[in-house]
1. For the ranges 339-348, 263-272, 183-192, 402-411, what's the packing order if you count other beta-carbon atoms within 10 Å of each residue, average per peptide, and put the highest first?
2. Which whole-Hz ³J(HN,Hα) couplings does the stretch 227-237 yield from phi under the Karplus relation 6.51 cos²θ - 1.76 cosθ + 1.60, θ = phi - 60°, glycine and proline marked x?
3. Taking the Cα centroid of the stretch 194-208 and of the stretch 85-157, what is the distance between the two, rounded to the nearest whole Å?
4. So, how do all the Cα-to-Cα distances of the stretch 161-299 break down into 5 Å bins, in percent, from 0 on up?
5. Based on alpha-carbon centroids, what's the gap between the stretch 1-49 and the stretch 321-358 in Å, whole number please?
6. Place a point 7 Å from the Cα of LYS328 along the Cα-to-Cβ direction; which residues of the stretch 279-303 have their backbone N under 17 Å from it?
7. Just to confirm the number: angle between the C-alpha axis of helix 287-297 and the first principal axis of the chain, 0 to 90 degrees, nearest 10?
8. Grab the Cα-Cα distance for ARG351 and ASP416, subtract it from 0.36 nm times how many residues apart they are, and report the gain in nm with one decimal.
Amino acid sequence: MALIVQKFGGTSVGTIERIRNVAWRVAKWHAAGHRLVVVPSAMSGETNRLLSLAAGVQEHPDPRELDVIASTGEQVTVGLLAMALLALGVKARSYAGWQVKVLTDSAHTRARIVKIDEVRLRQDLENGCVAVVAGFQGVDQAGDITTLGRGGSDTSAVALAAALGADECQIYTDVDGVYTTDPRIVPEARRLHTVTFEEMIEMASAGSKVLQIRSVEFAGKYKVPTRVLSSLTDPKLPVAEEARSGTLITFEEDPHMAMEKAVVSGVAAQRDEAKITVHAVPDKPGIAYAILGPIADAGINVDVIVQNVSHDGMTDLSFTLSRGDMPKAIRMLNEQVKPHIKCREVTGDDRMAKVSIVGLGMRSHAGIAAKMFRTLAEEGINIQMISTSEIKISVVIDEKYAELAVRVLHKAFELDQE
Ligand code: ADP
Ligand code: ASP
Ligand code: MG
């Protein structure tokens, strides 16, 4: 008898029919003797709808109020799912984040989970009751509602699994596992039976949105066995079969698997990126800090950073960030930073994408970067920035080439083949 946390994404609870299907699935696991905590997202499209309502009222919505609004999507699905379970004769109770409680910091719209009080959930589990907990939301020390950033229900589920010491966290979604790349872009993409935690974290940071990156961080930190699997299969699929399906994130590299593993195991793309360049700044100690310090203080995340070779004591510094943050960052640099560092100008390009290849095998193989660059060159795709880690190579390119780049890299590294 295992303790399992099951998360169901927006598409999986997108209609009443699908919520009934989810209830069926949960009831099946419950009948097999497992103790279950279930974490649904909002119905698909609902969070976007709520955010646009807010944007219609205030141009730059107040973050505290935005969280009050955005969190309601999940409050509806926990209630509906608990009712669907009750209708099947399964004991179930719904909880908002604050009822559990899922304590977070106060960074509204991108809060981090600090602690989960799992006492109430344990009582339910002991009583044979399924606890249905709202994903994406928490509460801060002051009692204010917070949300965890887009895709945050993944993180809610893995964090709950960590707090409860669950045997597995199952992320049910609209694909049947983690693929070599987004199967919506490359239909030839293949499902991976296992993926190492290190690869998954690189894939997530490279833009593969199948799991929110923070959920992967939690899985790694607390060694939560996490599986990505489909919610769209027949709900009557036998539990034993479903338990083996999908993609399992592993923490130790199986030496036999590693031998056979492809050098590159995945390709990912991150759209909605922007690039800012600060031109002709004096090349002297402290300049990167003078530029990026205020950006960090404003809570803006910077991704790839490149400082060019200096000429005549001057250099250019470029960095990428989320497209939505670009106007604010440029304004800040012009108003607060430019007068101090005496750069020539600050420019921005908001049509960038980052395309990455990821694979543990890169650690022991030479020539992977060269092959990646050659493949892109053959398609006439200009690389604007490059960044690497031990098991990932990322390039920043014009967004209009993102899909093409993913396709040609997927093929060049033979990811479409067994
Ligand atoms: P949910 O609503 O269940 O959280 P998401 O839309 O957040 O679902 O994530 C699932 C989607 O992630 C898939 O439909 C797929 O298009 C996309 N995706 C991107 N990269 C990958 C990948 N490498 N493997 C599988 N799915 C991926
Ligand atoms: N409903 C939230 C979103 O759309 C959280 C989630 O789906 O994980 O981002
Ligand atoms: Mg998601």
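The values are calculated or read from the model by the stated rules, or taken from the named source; none is laboratory data. Keep in mind the model is a prediction, meaning the values are calculated, not measured. Every residue, glycine among them, receives a Cβ derived from its backbone with ideal geometry; neighbour counts consider all protein chains shown. To get the accessible areas, we keep the full protein, side chains included, count just its heavy atoms, and leave off ligands, DNA and RNA. Shrake-Rupley method; radii C 1.70, N 1.55, O 1.52, S 1.80 Å.
1. Packing order, densest peptide first, comes out as 263-272, 402-411, 183-192, 339-348.
2. 10, 9, 8, 8, 9, 9, 7, 4, x, 8, 3
3. The two parts, judged by their Cα centres, are 25 Å apart.
4. 2, 8, 15, 17, 16, 12, 9, 7, 6, 4, 2, 1, 1, 0
5. Each part's Cα centre sits 41 Å from the other's.
6. Counting backbone N atoms under 17 Å from the label point, the list is 292-303.
7. Tilt of helix 287-297: around 30 degrees.
8. In short, 20.5 nm is gained.
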